[in-house]
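Here is the structure we will look at, set down as structure tokens.
The values are calculated or read from the model by the stated rules, or taken from the named source; none is laboratory data. The model shown is predicted, which means the values in this text are computed figures rather than measured ones. Glycine gets a Cβ as well: all are built from the backbone with ideal geometry, and neighbour counts include every protein chain shown.
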Amino acid sequence: MRLAVGLSGGADSVALLRALAARSRELGLVLHAAHLHHGLRGEEADGDLEFARALAACLGVAFHEARVDTEAEAQADPAAGKARETIEEAARRVRYRWFRELMAAREVDAVATAHTLDDQAETVLAKFLRGAWTEGLAGIAPKLETPEGGRIVRPLLGTTRAEVERYLRALGQPWREDSSNRHLSFTRNRIRHELLPLLEGWNPRLREHLAQMAALARDEESWWQAELERVAPRLLLSGRPVRGGGRAAGEGLALDVTRFATLAPALQRRLLRYAAERLEAAPDFAATEALRGLALKGRSGQKLELAQGLRAERTPRELRLAGAGPAAAGAEDEISTPEYSVTIPGEIDAPAFGIRLLIEASTAAGGESGGNGDGPRLATLRNWRPGDRVTLRHSSGPRKVKEVLERMRVTGTLRRLWPVLETGGRIVWMQGVEVEPLVGIAVSLSPADGDRVGGAERTAQDES
């Protein structure tokens, strides 16, 4: 088998390449190395490439290399409905895209990545902190089949980072250190350098236990998927019922609420999420419970509009689910509000949003600089847009406004009309949350207006 090791130059990937090279004949492997230059970190990344190329040559291993502009890849593309990603998200996406391209081109049959037990523990903890379901707690899969017919494998998932480094020191093998791994602006690094060490004061075996949780969750998910494939066809109905029996073709899916009520709560939740996934939605726990409540206790004619365009309606006998169809999309396009701009300092009276904002020049410390000294600055109050990102106070970095609204459970027309204040390309105020302050600017709601949008009171949830 032709197996490529994703070789970054870091300790984990170097150890994996060295270990497989030592046993390639025994394992029947034709070994390759694959290094992707992400266009980040300048000369340091150039050095990583040279190191990886030299190591592959020393071991007599075929070497594949490519370069990408990760920063450009992360940019939003409104025309394609693509929001801006974090650099981490974009880097991971382009890396795996390249791996799939290597397999699709039949350069290699599979790619091995050097994720360790520590990576698994960090992933599970990060997913838990974001409120993941069981599938999220399954963490990093030991192997994945790709649509192109290749395979991604992770041979070091049972090996700790400390064991990796001991192995390399015993070989006298150097490796490269990525300076960005020390930057605490990245959530993963804060978990690695701050949170996990703190929690290990309570449980020294925490990493091992988190990895075990991932293994348990993977097996649970595998069983549930098989069970849902068996049960769902009998319980999920398509279209709408017609007089005399049968169903007419139509959008969406439906559940017979009488049969649904006899199921265990765990199966009820799974069925609802299974149906939502078929409608290209992924409701969180609160939304799933709202759907369960509508199915079990709702009254006929009652409706729900949830995140990602998922809509639910209770009839006398069914819970009907639908995604965001053309009609809904058209209705959303018709809703618009004016934009309000003002020179800082100034005041914005925005009747369309039902608020009045006072934007003042400030000398308060903290945050980033809000101006360049080239002249008056403008602030614009407007609807949020797909791709917008906001840095919440005490958070590790920018978040998608869409995700913040989902966590605040803002839906429907209220969601589409949610206001943000922008200056210099950065959102410096958003209704209902605390935004990281910007040096030079202080934003406050007029006391007479309160914290409302279109007359609806809104209390922010903790988004940090």
Output the number of residues of region 125-176 satisfying the condition of being surrounded by 13 or more Cβ atoms within 10 Å (Cβ to Cβ), acidic (Asp, Glu) and out of contact with any Phe, Trp or Tyr (no Cβ under 9 Å at 6 or more places or on another chain).
2
Mind listing just one residue for me: the one in region 194-238 that is among the small types (Gly, Ala, Ser) and part of a helix (DSSP H, G or I) and, of those, nearest to residue 269 (Cα to Cα)?
232
Here is a list: 158, 139, 250. Which entry is outside any helix (DSSP H, G or I) and at pLDDT below 90?
250
Just checking, does region 309-318 include any residue being surrounded by fewer than 16 Cβ atoms within 10 Å (Cβ to Cβ), within 28 Å of the chain's Cα centre (by Cα) and part of a helix (DSSP H, G or I)?
no
Suppose we keep only residues that are at pLDDT below 90 and part of a loop (DSSP other than H, G, I, E, B) within region 253-293. Which one would you say is surrounded by the fewest Cβ atoms within 10 Å (Cβ to Cβ)?
280
Inspect region 360-374 for any residue being closer than 19 Å to residue 434 by Cβ, modelled with pLDDT of 80 or more and more than 30 Å from the chain's Cα centre (by Cα) and give the result as yes or no.
yes
Do any residues in region 178-201 that are within 21 Å of residue 11 (Cα to Cα) have Cβ atoms under 6 Å from those of residues that are among the charged types (D, E, K, R), where the two are at least six apart or on different chains, and which pairs are they?
184/190; 191/122; 192/122
Within region 130-143, how many residues turn out to be under 19 Å from the mean Cα position of the chain (by Cα) and more than 19 Å from residue 208 (Cα to Cα)?
4
With respect to residue 379, determine if the residue is surrounded by fewer than 20 Cβ atoms within 10 Å (Cβ to Cβ) and either at pLDDT 80 or above or under 20 Å from residue 348 (Cα atoms) (or both).
no
Residue count for region 92-116, restricted to those that are surrounded by fewer than 22 Cβ atoms within 10 Å (Cβ to Cβ) and aromatic (Phe, Trp, Tyr)
2
Take residue 106 and tell me if it is touching a strand residue (DSSP E or B) at 6+ places or on another chain (Cβ under 9 Å), outside the structural domain of residue 387 (by TED's automatic domain parsing) and not in a helix (DSSP H, G or I).
yes
